[in-house]
Structures are given as structure tokens and as C-alpha cells.
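Report on the following structure.
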Amino acid sequence: MSCAWRDLDQGGEPNRRTKSPVREQQITLEAFRSLAPIEPRDLVGLWKGRGIPAGHPFDGVLENLGWFGKRFTPDMRADALLFRLGERRLVAIDPKWIPLPLALRLHVLGRTRVAKNLFSYLQRRLRARGPVASLKMRVFGGIESSAMVYDHQPIVDHFRRIDEHTIMGAMTITGDERIYFFELDRVDEPCRLDGGISSVGHHPFQ
């Protein structure tokens, strides 16, 4: 399937010749809506993520801060935000500590080295004590599919299937019309998660 968000230039950035941020959002949303739904049970496991640049303030921010991906458990709970901790470990961050309105306003700073270093320093203090979101079925764009509902933030991540090993996500924030898009690739081997072992095949740091 040809996907609009993969229309990238050689530098990995969206082709800006004809797309404004609003148009990028529209094109990427249309691509998302064209994908098949996915059941919550098919999400169980560890997933490595990457953002899809589409005119959202958070484009490039998570990658700069060392975002790894997400993990979904058999009881339909989720480690919503996994970040790299050193070279070979992951840490689950509790998003309830993130001031969303401020983060949206200061998104440019989120792409700087200063923000990266500060976040690395604060990771252990922001660490989650357990799963921080739940997998549920939700209707989005007229289609019912899996969604991850955050416990303590007005955020819902909606999911659609690209293929057996890849899904597309659309992160929505209550009160904000903009959508943050991302892809998740399944990871099949155990990986060290700070505070425990994720039980799921190729090594994410290869």
C-alpha cells in the first residue's frame, strides 16, 4: 500500500514543497483512516516506535528525548512511554508528570540538546510504578479499533494495522485538534526493562 506519510525527502523530512502543516495533517489522517482495524489482543508485546512528521508540535521531540516505544500486557494494560536508559535498558515513564499545555507551547525546546540532557537526568524521577494506560476498543473516523487510553492524561492513542508486524498510531489530546502520528514495529526478543524484563524476539538495540 502506498502511504502518504512516506513521501519523504532524502533528509528524512516531509516534502514541504506543497504541504502546509494543516495539509500534512489531512493527508496523514486520510492514510490512517484507510488502514484496517486491529484487536487489542493483537497488540500484546513490545513495540519500537518512530514518529511520522505531519505538522504536529511534537514531531521530532520524542525521538530527541530517546523514545523507544510502547509495551502492551496480556491484561490489556500498557507501558505508554518507554525510553532508552543507557545503552541496553528501557525505562517506563509516567506521563502524568508531563505538563501537556506547556510541552505543546515549548515544543521547539523539546528538540534541543538541552532538553535531551535534562530529560535524561530526570528519567528515574519520572519512572512509572506500573502500567499507566489501558487498551480498549474505540471508534475513530467511523471505524472501531484498538486504542490506548491514558490513566491520568486526556490522551488516546488510536491504532490501525499496516501489516502483521507494523501498526500506525494517531495520538489525540482532548481540546487540541492536532494529531500526532507514529508507527510501531513489533519487537520479538526479550529486552531489559528497568524494574523488570519484557517478555517479548529481535533485539531492539540491534
*Which pairs have Cβ atoms under 8 Å, sit 6 or more apart or on different chains, and link a residue in the stretch 11-29 that is at negative phi and part of a loop (DSSP other than H, G, I, E, B) to one that is modelled with pLDDT of 90 or more and surrounded by 11 or more Cβ atoms within 10 Å (Cβ to Cβ)?*
13/53; 19/27; 19/55; 20/55
*Quick one: count up the residues across the stretch 41-59 that are under 23 Å from residue 92 (Cβ atoms), surrounded by 22 or more Cβ atoms within 10 Å (Cβ to Cβ) and aliphatic (A, V, I, L, M).*
3
*Residues of the stretch 29-45 satisfying the condition of being aliphatic (A, V, I, L, M) and either at pLDDT below 95 or within 18 Å of the chain's Cα centre (by Cα) (or both)*: 29, 31, 35, 38, 43, 44
*Is at least one residue of the stretch 137-145 among the polar types (S, T, N, Q) and touching a His at 6+ places or on another chain (Cβ under 7 Å)?*
yes
*asked:* If I ask for residues that are more than 13 Å from residue 97 (Cβ to Cβ) and under 16 Å from the mean Cα position of the chain (by Cα), which ones from the stretch 112-155 would you list?
replied: 131, 133, 134, 135, 146, 147, 148, 149, 154, 155
*Looking at (1) in contact with a strand residue (DSSP E or B) (Cβ under 7 Å, 6 or more places away or on another chain); (2) modelled with pLDDT of 95 or more; (3) of a type in the set (A, V, I, L, M, F, W, C), which is the only condition residue 8 fails?*
(2)
*Quick one: is residue 82 under 10 Å from the mean Cα position of the chain (by Cα), modelled with pLDDT of 95 or more and either farther than 21 Å from residue 112 by Cβ or buried (at least 19 other Cβ atoms within 10 Å of the Cβ) (or both)?*
yes
*Does residue 74 satisfy being under 16 Å from residue 130 (Cβ atoms), of a type outside the set (D, E, K, R) and surrounded by fewer than 17 Cβ atoms within 10 Å (Cβ to Cβ)?*
yes
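The values are calculated or read from the model by the stated rules, or taken from the named source; none is laboratory data. This is a predicted model, so every value here is computed, not measured. Here the Cβ is made from the backbone with ideal geometry for all residues, glycine too, and neighbour counts use every protein chain on show.
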